[in-house]
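The values are calculated or read from the model by the stated rules, or taken from the named source; none is laboratory data. Just so it is clear, the structure is predicted and the values come from calculations on it, not from any experiment. Cβ atoms come from the backbone with ideal geometry, glycine included; neighbour counts cover every protein chain shown. Accessible surface areas use protein heavy atoms only, side chains included; no ligands, DNA or RNA. Shrake-Rupley method; radii C 1.70, N 1.55, O 1.52, S 1.80 Å.
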Amino acid sequence: MSEVVNFGPPARPGRKYGWYAVPLVAFLIAEAVNRLILKQQMGIYYPYYQFLDPIALKSDLFRGMMLLHGQPPLLNLALGLILKTAAAIGCRPEALADLLFGFFGLSTALLLFHLTVRWTSSYIFGCAAVVLYFAEPSYFGGSNSGVGRNNFFYEFALQSVLLLVCASAALWLERKDFRTGFIFVLAVAAVVNTRTLFHPIVWGVVVIMAVLLPNLLRYTRKTIVLAACALCLIAAWPVKNYLLFG
């Protein structure tokens, strides 16, 4: 990998990490605009087809998840845990959902910056990518192509997870580190188990094979273990549906 271009004087040791303040500051500015100027508030819209009944999620989460078969489970699991936690600590569920989606927004900015710098070898391009991300109106209120930061839905949350898939896959292909490979497997499983668009076979298995198989002969044990973990995480929900519902 070529040295990252920063269009400035030679970087001092550790200076490159200072560039990560850019996505952090951009995120804080976007949050200020969202709250103080646009007056946006987090919303949870329970009538969405993807959601289970909120009473079931709050009072009988495990049974509700077992009976769920038309949608992947993670979005409902996250909502159920939010409802239970909010009831336990005495706050509004929207407040916890807001914190969670703020974390996703910051994670997306940091990963987008990291990947852009990695692939373009330029901190300037990394900064530009972050600015464009937060300048997109759909970040704040949604658009015809989907929903944004203030709507509890999977489209916004999956942005950071998909970038994590890319980042961890790139690191695994470069370093063959087992922990990095396991993060990749977890990220793919999270995507597959969050949205129906990412089918376990059509998307999950194809992505897993494309990243793991190139190193099968050289790193056989690591690859087989990671593939087995991926199979368990990706197949668990469809197998549960088959056993319970046929």
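Side notes on the structure shown:
- For segment 141-153, the criterion of being touching a residue at least 12 places away in the same chain (Cβ under 8 Å), open to solvent by 40 Å² or more (accessible area, probe 1.4 Å), assigned to a helix (DSSP H, G or I) and closer than 29 Å to ILE234 by Cα is satisfied by no residue at all.
- The number of residues in segment 193-204 that are outside any loop (DSSP other than H, G, I, E, B) and open to solvent by 60 Å² or more (accessible area, probe 1.4 Å) comes to 2.
- Selection within segment 152-179 - hydroxyl-bearing (Ser, Thr, Tyr) and farther than 14 Å from HIS114 by Cα: TYR154
- Of all the residues in segment 177-225, those that are free of Cβ contacts under 8 Å to residues at least 24 places away in the same chain and among the aliphatic types (A, V, I, L, M) number 11.
- Contacts under 6 angstrom Cβ, first residue in segment 232-245 being farther than 14 Å from LEU68 by Cβ, partner open to solvent by less than 90 Å² (accessible area, probe 1.4 Å), 6 or more apart: LEU233/ALA189; ILE234/ALA189; ILE234/VAL192; ILE234/PRO200; ILE234/GLY204
- Test result for ALA97, surrounded by 12 or more Cβ atoms within 10 Å (Cβ to Cβ) and over 19 Å from the mean Cα position of the chain (by Cα): no
- Close pairs from segment 73-96: first in contact (Cβ under 8 Å) with a residue 40 or more places away in the chain, partner of a type in the set (Val, Ile, Thr) and in a helix (DSSP H, G or I), Cβ under 6 Å, at least 6 apart: PRO93/ILE82
- Residues of segment 52-84 satisfying the condition of being open to solvent by 20 Å² or more (accessible area, probe 1.4 Å) and within 20 Å of ARG149 (Cβ to Cβ): LEU74, ALA78, LEU81
- Within segment 111-124, the residues that satisfy the criterion of being surrounded by fewer than 17 Cβ atoms within 10 Å (Cβ to Cβ) and either of a type in the set (Val, Ile, Thr) or more than 21 Å from the chain's Cα centre (by Cα) (or both) are THR120, SER121, SER122, ILE124.
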